[in-house]
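FYI, it's all coordinate maths here, none of it is from the lab. Everything numeric here is computed off the predicted structure, so don't read it as measured data. Counting neighbours? That spans all protein chains shown, and the Cβs are built from the backbone with ideal geometry, glycine included.
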Amino acid sequence: MKVSYLKKALYSVKEYFSKCQGLELRKRYDALILDIDGTMVRTGIDWGLIRKKLREVLGLDLPPYPIAEYLSQHGNALPQDRVRLAEKLVKEEELGSALSVERDPRLTTLMKDLKNAGYLIAIVTLRDEETARPLLERLGCLCYVDLVVTREVSTSRVEQLKEAIRLLRTDPKAVLFFGDHFTDREAANKLNIDYVLMPKRDDVKGVPPELASFLYNLL
């Protein structure tokens, strides 16, 4: 059964689609792929502060791309002791945020209903296995997920999406991807899959009401 109060989410799916990607609302998807941080849950990690700390550690300003992706691609050109320290700093923040996440019954119910409705569900994240799965468990969603693609597989969102689609054995045209970063949009466009970007709300923690509204309308 759908949760009636989800209708009061900040954006209705029609309003948000019309403002963003202009997707066909009646289109049927077979698989949903979701990012975690900023998409499924806003953990409250202050990435701006982390970037300042990493600037001190690495001695350079990081570009606006995800930190894990940058370190993976350029880390070999940097002093390895500093790279290890940077990775440790990020990992500590991720571990702390995973332990602080609280279960939201809206999301748990929606994930259960989506699974019962026949959707395949995959997670792509730049977290590692050690922090991604406990976070999903605390959200009450891990048991409804078919697979989790972490940074151990790749730090490229394009490659993560390719791997998720391959393992799900589904048509890319039947996939809807949820992200929150401009690199998520770039990856989805490159693979020609439909996507939804959650609006940035660093001042609000927890499950984005926009996501709850979208998932509700897929049932």
Which pairs, out of 52/200; 115/173; 91/112; 88/112; 88/162; 52/88, put more than 26 Å between their alpha-carbon atoms? 91/112; 88/112; 88/162
So for segment 178-219, using the alpha carbon gyration tensor with a ≥ b ≥ c as root eigenvalues (a/c under 1.5 gives rounded; past that, a/b versus b/c decides prolate or oblate), I'd call it oblate
Please give me the summed charge of the neighbours of residue 163: other residues whose Cβ is under 13 Å from its Cβ, Lys and Arg +1, Asp and Glu -1. +2
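When the dipole is taken about the Cα centre of segment 47-99, and only Lys, Arg (+1) and Asp, Glu (-1) are charged at their Cβ, what size is it in debye, to the nearest 20?
I would put it at about 120 debye.
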Rounded to the nearest 500, what is the chain's calculated 222 nm mean residue ellipticity when only DSSP H runs of at least 4 contribute -39500 (n - 2.57) each, over all residues? -14000 deg cm²/dmol
Under the rule a/c < 1.5 gives rounded, and otherwise a/b versus b/c splits prolate from oblate, where does segment 65-168 land using the Cα gyration tensor? oblate
Within the chain, what percent of beta bridges assigned by DSSP are antiparallel, to the nearest 5? 5
The rounded separation in angstrom of the Cα centers of segment 98-133 and segment 140-196 is 14
Given backbone amide H placed at 1.01 Å from N, residues whose amide H is under 5 Å from that of residue 207, ignoring those fewer than 5 places away on the same chain, are 42
Select one label from (1) 53, 33, 32; (2) 52, 44, 32; (3) 63, 41, 30: the one whose number is Cα extents along the principal axes in Å as derived from the coordinates shown. (1)
Would you mind checking which residues have amide H under 5 Å from residue 195's amide H? H placed 1.01 Å from N; only 5 or more apart, or other chain. 177
Checked segment 111-184 with the C-alpha gyration tensor, a ≥ b ≥ c its square-rooted eigenvalues, rounded below a/c of 1.5, otherwise prolate if a/b is larger than b/c and oblate if not; verdict oblate
Spelling it out for residue 153: with amide H atoms placed in the peptide plane at 1.01 Å from N, the residues 5 or more places away or on another chain with amide H under 5 Å from its amide H are none
Pairwise label distance in nanometres, residue 88 with residue 191, each label 7 Å out on the Cα-Cβ vector: 3.4
Using unit Cβ charges (K, R positive; D, E negative) and no other charged atoms, how large, in debye to the nearest 20, is the dipole of the chain about its Cα centre? 660
Go ahead and set up a Gaussian network model of the chain, Cα springs under 10 Å, then flag whichever of 57, 124, 153 fluctuates most. 57
